[in-house]
Amino acid sequence: MNTKSTWGWFVVAAILAAFIFIFQHYLQPAKSVTGAILPGLQPQTVTSIQITPAVPLEIHADRVNDSWLLSKPISYPAQPAAIEALLDALQKLTPVKRISAAELREHHITDTDFGFENPQFSIVIDAGSQRRQLNVGNMTAPGDQVYLRVIGVDGAFVADAGWLKLIPRSATDWRSTALADSGQNSIDSIVLTNGAIAIELHRDATNHLWRMTRPLQTRADNDRINDALQQLQAAHITQFITDDPKTDLTSFGLQPADLDLWLGSGTNFFTAIHVGKSLTNDAAQVYAQREGWNAVVATAGENFSPWQGSVNDFRDKHLLELTAPVVEIEVRGENNFSLQRDGTNAWKIAGEKYPADAGSVQQFIKTLTGLRVADFVKDVATATNLASYGLVTPQQQIILRSAIGDSNAVIAQLFFAVQTNGIFVQRADENSIYSITPDDYNNLLGDSSLYGAGWQFRDRQIWNFTPNDVAQITLHQDGKTRTMIHEGVNKWSLAAGSQGIISGKSIEDTTTVLGNLATVTWVGRNVTEPEKFGLNTNNLQISFEMKDGAKHSVDFGTEFPKWQTALASVTLDGERWVFLFPPGLYQFVLSYLTIPANVP
């Protein structure tokens, strides 16, 4: 036998045996081992984390005031979610196999064999006075597991490798892409400059409404500011341009900036953003920089569109805002009246014995609060200004109160002056003069308004009965009369002297709807000239005689074919009232409760 050949085979066999041993013990999947690799790790107590990759580019982040900040290789706010996700994964990290120090020595396995001499990553975690270091070595042969070593702990571990995707490969992976710190609700102070304009805004701690304090003391546009803050805090950086502290900011339009925006709470401004010019290769993107950080970034220009504009663009365009529930509405002018809340949802007209229509009152409040400033006429009005705009003796006043008759409970008071050159308005608590459009004024208090007089707020319900309450119906039209007797459900007959053909069910259905008659709107009260409303003795009149002897009557005037309805009148409390008849019901009346022309 060849001795040399024999020794060769012996060496091969030894190598093969060693490979089989290592594969069986370290490279193939094994049963799970209980216990965490980093026992006692609590992410909420971690104060810093350091990632050192195989190439020299250390990433270091520190927890500062419940936020995370990168300190290496750059100084910049970090993404809390990304860091917390890694710490959570490390807390839950368990081995699939543990290799003891004795096994490593027995089989002469070195740090080089597992990749610990030059690890992929070294993770150092500080939590108070406790420090942990985890070295990430080579991947196992299948590639779905990785060798790990905890410094200060004997032996090594094999663990699933899925969590490795949470390790940042560069600082950019952990950089915050937010343009502003989160927490819109904590922001109550804003200073912005765009061009030569400087605007200062503050939110009232009590009613949470924004006010402008510079260059004017006035109400601010709450919707615009709140929407702009929400848009800003949802905005993200699209590209990190440079971190060079010596970069020429002028080339990016950042010195001076096109827009400077400072956000804070009280006198503490904790965030500032400076916005420069558009990118040459993408006009929709602009350069920006956060105060206190060297980075120049790119972001969508639309994020800052709401912050551009003139001083008036940031002023409240509403004439008033409701800061308390309205309990009393007083109108002074050509028709003085007062509307007062009567219970939870009901209203009454002061001095009248009939109730107010709650829907009409709520619509009046809605119309009033919806009034918009057409023009800011005078920011600081003098006595001469008030006289020239007719506001020394205004034609109309509206006062809203949160308590009936309480002069200390005024929510808002508006003065209106109707001039040939416009409709001018002043608030009692401000020294500014505004204008509104004629259409807005006419909808509220003008001659064509539904709310120009107190009686127009009368409850719209006229009467309420059922066909079972009705004994007979009499129609008068063009000098003719027809009476229909109610004999039972859907049973109606013509009285003696009345002629024609009738449908009992149709009359019953029409009476059912007519028994719940309500106006569309009141048009006139205590009418003494009915012809102005097209009312005359030849027009249709419908009279209901109740079984209890009561009588109800309605007669019709001017028709409006376009809206398929007409004016009508009833007598209530001894006064003749004119109203707009409901269009759908009017078509029922024309079909079933009129006297045809060919009937004698």
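The values are calculated or read from the model by the stated rules, or taken from the named source; none is laboratory data. In this text the structure is predicted, and so the values were computed from the model without any measurement. Cβ atoms come from the backbone with ideal geometry, glycine included; neighbour counts cover every protein chain shown.
Quick check on the stretch 112-129: of everything there that is crowded, with 16+ Cβ neighbours inside 10 Å and over 21 Å from L57 (Cβ atoms), which residue is modelled with the highest pLDDT?
So, considering only residues that are crowded, with 16+ Cβ neighbours inside 10 Å and over 21 Å from L57 (Cβ atoms), the one modelled with the highest pLDDT is A127.
Checking G309 against (1) among the small types (G, A, S); (2) surrounded by 13 or more Cβ atoms within 10 Å (Cβ to Cβ); (3) assigned to a strand (DSSP E or B); (4) outside the structural domain of E430 (by TED's automatic domain parsing): exactly one of these is not met. Which one?
(3)
Can you say whether Q413 is in contact with a helix residue (DSSP H, G or I) (Cβ under 8 Å, 6 or more places away or on another chain), surrounded by 15 or more Cβ atoms within 10 Å (Cβ to Cβ) and either outside any helix (DSSP H, G or I) or not hydrophobic (A, V, I, L, M, F, W, C) (or both), as far as the supplied structure shows?
Judged against the criteria, Q413 is not a match.
Which residue is farthest from P215 (Cα to Cα), if the candidates are limited to the stretch 318-341 and must be assigned to a loop (DSSP other than H, G, I, E, B) and out of contact with any helix residue (DSSP H, G or I) (no Cβ under 9 Å at 6 or more places or on another chain)?
Step by step, filter the stretch 318-341, then rank; the result is E334.
Restricting to the stretch 191-249, name every residue that is of a type in the set (D, E, K, R), within 19 Å of D429 (Cα to Cα) and surrounded by 13 or more Cβ atoms within 10 Å (Cβ to Cβ). Before you say what the answer is, go through the steps one by one.
Pass one, the stretch 191-249, residues of a type in the set (D, E, K, R): 200, 203-204, 211, 214, 219, 221, 223-224, 227, 243-244, 246, 248.
Now drop any that are not within 19 Å of D429 (Cα to Cα), which leaves 203-204, 211, 214, 219, 221.
The answer is R203, R211, R219, D221.
Only one of K562, K532 is charged (D, E, K, R), within 26 Å of N335 (Cβ to Cβ) and in a helix (DSSP H, G or I); which?
K532
Please pick out the residue among G488, G479, G446 that is without any contact (Cβ under 8 Å) to a residue 24 or more places away in the chain and under 30 Å from V599 (Cα atoms).
Step by step, each of G488, G479, G446 is checked, and only G488 is without any contact (Cβ under 8 Å) to a residue 24 or more places away in the chain and under 30 Å from V599 (Cα atoms).
Just to be sure, is Y451 at pLDDT below 95, among the aromatic types (F, W, Y) and either under 56 Å from the mean Cα position of the chain (by Cα) or not in a strand (DSSP E or B) (or both)?
yes
Six or more apart or on different chains, Cβ atoms under 7 Å: show the pairs whose first residue is in the stretch 217-234 and at negative phi and whose second is β-branched (V, I, T).
Close Cβ pairs satisfying both conditions: L229/I187.
Report yes if S543 is assigned to a loop (DSSP other than H, G, I, E, B), within 53 Å of the chain's Cα centre (by Cα) and surrounded by fewer than 17 Cβ atoms within 10 Å (Cβ to Cβ), otherwise no.
It is false that S543 is assigned to a loop (DSSP other than H, G, I, E, B), within 53 Å of the chain's Cα centre (by Cα) and surrounded by fewer than 17 Cβ atoms within 10 Å (Cβ to Cβ).
Would you tally the residues in the stretch 299-335 being under 24 Å from the mean Cα position of the chain (by Cα) and closer than 30 Å to F457 by Cβ?
11
Within the stretch 546-559, which residues are among the basic types (K, R) and in a strand (DSSP E or B)? Reasoning before the result, please.
Residues of the stretch 546-559 among the basic types (K, R): 547, 551.
K551, the sole residue that qualifies.
How many of the residues in the stretch 341-371 are within 20 Å of S449 (Cβ to Cβ) and of a type outside the set (S, T, Y)?
Adding up the residues that qualify gives 17.
If I go through the stretch 421-448 residue by residue, how many of them are among the aliphatic types (A, V, I, L, M) and not in a strand (DSSP E or B)?
Step one: filter the stretch 421-448 for residues among the aliphatic types (A, V, I, L, M), giving 423, 425, 428, 433, 436, 444-445.
Okay, now just the ones that are also not in a strand (DSSP E or B), so 428, 444-445.
Here the count works out to 3.
Listed here are the residues, each with its yes/no results for (1) assigned to a loop (DSSP other than H, G, I, E, B); (2) polar (S, T, N, Q); (3) touching a Lys or Arg at 6+ places or on another chain (Cβ under 7 Å); (4) not assigned by TED's automatic domain parsing to the domain that holds P77.
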position	(1), (2), (3), (4)
I125	no, no, yes, no
P142	yes, no, no, no
V153	yes, no, no, no
F157	no, no, yes, no
K165	no, no, no, no
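Can you find a residue that is on the phi > 0 side of the Ramachandran plot and free of Cβ contacts under 8 Å to residues at least 24 places away in the same chain anywhere in the stretch 556-573?
Yes, some residue in the stretch 556-573 is on the phi > 0 side of the Ramachandran plot and free of Cβ contacts under 8 Å to residues at least 24 places away in the same chain.
Going by the conditions given, is G446 assigned by TED's automatic domain parsing to the domain that holds S338 and either under 55 Å from the mean Cα position of the chain (by Cα) or farther than 28 Å from A358 by Cα (or both)?
The answer is yes for G446.
Pairs please, first residue from the stretch 112-132 and hydroxyl-bearing (S, T, Y), second anywhere and crowded, with 18+ Cβ neighbours inside 10 Å, Cβ atoms under 7 Å, 6+ apart in sequence or on different chains.
Qualifying pairs under 7 Å: S122/T52; S122/N135.
If a residue must be in a helix (DSSP H, G or I) and either modelled with pLDDT of 95 or more or closer than 30 Å to D342 by Cβ (or both), how many such residues does the stretch 459-504 contain?
Here the count works out to 3.
Only residues that are more than 14 Å from L585 (Cβ to Cβ), of a type in the set (V, I, T) and touching a Phe, Trp or Tyr at 6+ places or on another chain (Cβ under 6 Å): list them for the stretch 516-557, please.
If the condition is that a residue be more than 14 Å from L585 (Cβ to Cβ), of a type in the set (V, I, T) and touching a Phe, Trp or Tyr at 6+ places or on another chain (Cβ under 6 Å), then V523 is the only one that fits.
Within the stretch 491-500, does at least one residue satisfy the condition of being among the aromatic types (F, W, Y) and farther than 16 Å from I462 by Cα?
yes
When you check K551 against the structure, is it modelled with pLDDT of 95 or more, farther than 21 Å from R458 by Cα and not polar (S, T, N, Q), yes or no? Show your work before the answer.
Values: modelled with pLDDT of 95 or more: yes; farther than 21 Å from R458 by Cα: yes; not polar (S, T, N, Q): yes.
Yes, satisfied.
For the stretch 200-213, state whether one or more residues are over 27 Å from S310 (Cβ atoms), among the polar types (S, T, N, Q) and touching a strand residue (DSSP E or B) at 6+ places or on another chain (Cβ under 8 Å).
no
Got a sec? Which of F269, F240, F252 is in the same structural domain as P306 (by TED's automatic domain parsing), of a type outside the set (D, E, K, R) and under 30 Å from V136 (Cβ atoms)?
F240
Working only within the stretch 367-380, note down all residues that are of a type in the set (A, V, I, L, M), over 29 Å from the mean Cα position of the chain (by Cα) and modelled with pLDDT of 95 or more.
If the condition is that a residue be of a type in the set (A, V, I, L, M), over 29 Å from the mean Cα position of the chain (by Cα) and modelled with pLDDT of 95 or more, then V377 is the only one that fits.
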